[in-house]
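**Student:** Have a look at the structure that comes next, please.
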Amino acid sequence: MEMGWRWDFTIEILPQMAIATLNTILAAGVGYAIALVVGLFFLLGQRTPFRIINWINREIVEFIRSTPLLIQLFFVYFVLPQFGITLSAWICGMITIGLHFGTYLSEVYRGALEGVSKTQWEACRALNFSTLYTYRRIVLPQAFPIAIPGMGNYLVGIFKDTPLLSTIGVAELFHAATAVGGYNYRYLEPYTLVGIIFLTLSIPAAMWVRKLENDVNKAQGKKIGRAHV
């Protein structure tokens, strides 16, 4: 086997790696969208007036957060079929990622809501605002800037955890690199490309999240300034 970097082989495998990159981006995007919704459901479960629901919700969140994502993937893909629930590798991956990161996002949401001053809630109750109006017009506009950093971190985190999907056969970037390397008995180029691609996509994503946070904070500052005027 020839040692050292081969540019001709790198160019040859680029189309396969590009398709796998699209699959990885799709997996991260779908998984994140599911996590956003799941996080909201877990948040609502924490804020109900029923203690038993709060307790069950809290235990589920802690259980999912305390177990590795890889174990959860294996359980959903390999164990659930024994109970008659058989899902494709893609669906298993998306559901597991959504549930796993949804628990973390629920804590991000909760922290953002608690970051809104209690006087805001008290003022809304004093003015007899409805709960829906309070959340939509008063609380959420103030909580969203607080939640952006955490939401952005988990978006990048999901993207970086997509290689775990290769363990159940999802054709994402790492899976493609392993297949190419095994078929050609060359791992230097495909694995190096995987690292470069992840770095190339993760850094701009983190920069975009930081820019979004700054833009939202500036917009909030302008609104407060106009309100004082």
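**Student:** I'd like the accessible area for ASP161: 1.4 Å probe, protein heavy atoms, all chains in place, Å² to the nearest 10.
**Tutor:** Here the residue's solvent-accessible area equals roughly 50 Å².
**Student:** May I pose another question? With a probe of 1.4 Å, find how much accessible area region 114-229 has per residue, and write the answer as a whole number in Å². Before the final figure, lay out the partial values.
**Tutor:** Working: 7110 Å² over 116 residues.
For region 114-229, the per-residue accessible area is 61 Å².
**Student:** How do ILE19, ILE138, ILE203 stack up against each other in accessible area, from largest to smallest, with a 1.4 angstrom probe? Write down the numbers at each step before the final one.
**Tutor:** Details: ILE19 105, ILE138 40, ILE203 85 Å².
These residues rank, largest area first, as ILE19, ILE203, ILE138.
**Student:** Heavy atoms only, probe 1.4 angstrom, no DNA, RNA or ligands counted: give me HIS175, HIS100 ranked by accessible area, highest first. List each step's numbers first, then the result.
**Tutor:** Values: HIS175 65, HIS100 15 Å².
Solvent-accessible surface, decreasing: HIS175, HIS100.
**Student:** For region 26-58 and region 126-143, compute the distance between their C-alpha centroids and round to whole Å.
**Tutor:** When both Cα centres are located, 21 Å separates them.
**Student:** Taking all pairs of different Cα atoms in region 108-229, averaging 1/r and flipping that mean, what Kirkwood radius in angstroms comes out? Before the final figure, lay out the partial values.
**Tutor:** Details: mean 1/r = 0.0561 Å⁻¹.
About 17.8 Å, per the Kirkwood formula over Cα pairs.
**Student:** Quote to one decimal, in nm, the extra length available between ALA179 and SER202 on full extension: 0.36 nm per residue of separation minus the C-alpha distance between them.
**Tutor:** Working: separation 23, 0.36 × 23 = 8.28 nm, distance 2.32 nm.
Using 0.36 nm per residue and subtracting the Cα-Cα distance, I get 6.0 nm.
**Student:** How far apart, in nm, are the 7 Å Cα→Cβ label points at GLU107 and ILE85?
**Tutor:** Modelled inter-label distance: 2.3 nm.
**Student:** Work out the FRET efficiency for GLU59 and GLN120 from their Cβ-Cβ distance, taking R0 = 35 Å, and round it to the nearest 0.05.
**Tutor:** Numbers: r = 30 Å, r/R0 = 0.87.
Step by step, r from the Cβ atoms, then E = 0.70.
**Student:** Which residues among region 177-196 fall inside the zone where the amide N is under 15 Å from a point 7 Å beyond the Cα of ILE19, along Cα→Cβ?
**Tutor:** Taking a point 7 Å out along Cα→Cβ of ILE19, the residues of region 177-196 whose backbone N falls under 15 Å are 177-181.
**Student:** Keeping every protein chain present and rolling a 1.4 Å probe, give me the accessible area per residue for region 1-100 in Å².
**Tutor:** On a per-residue basis, 63 Å².
**Student:** Going by alpha carbons, how many degrees (0 to 90, nearest 10) lie between the helix axis of 173-184 and the longest principal axis of the chain?
**Tutor:** Roughly 0 degrees, rounded to the nearest 10.
The values are calculated or read from the model by the stated rules, or taken from the named source; none is laboratory data. This structure is a prediction, so every number in the text was calculated from the model and none was measured. Neighbour counts are summed over all protein chains in view; Cβ atoms, including those assigned to glycine, are modelled from backbone coordinates with ideal geometry. Areas reflect the complete protein model, heavy atoms only, side chains present, ligands, DNA and RNA absent. Shrake-Rupley method; radii C 1.70, N 1.55, O 1.52, S 1.80 Å.
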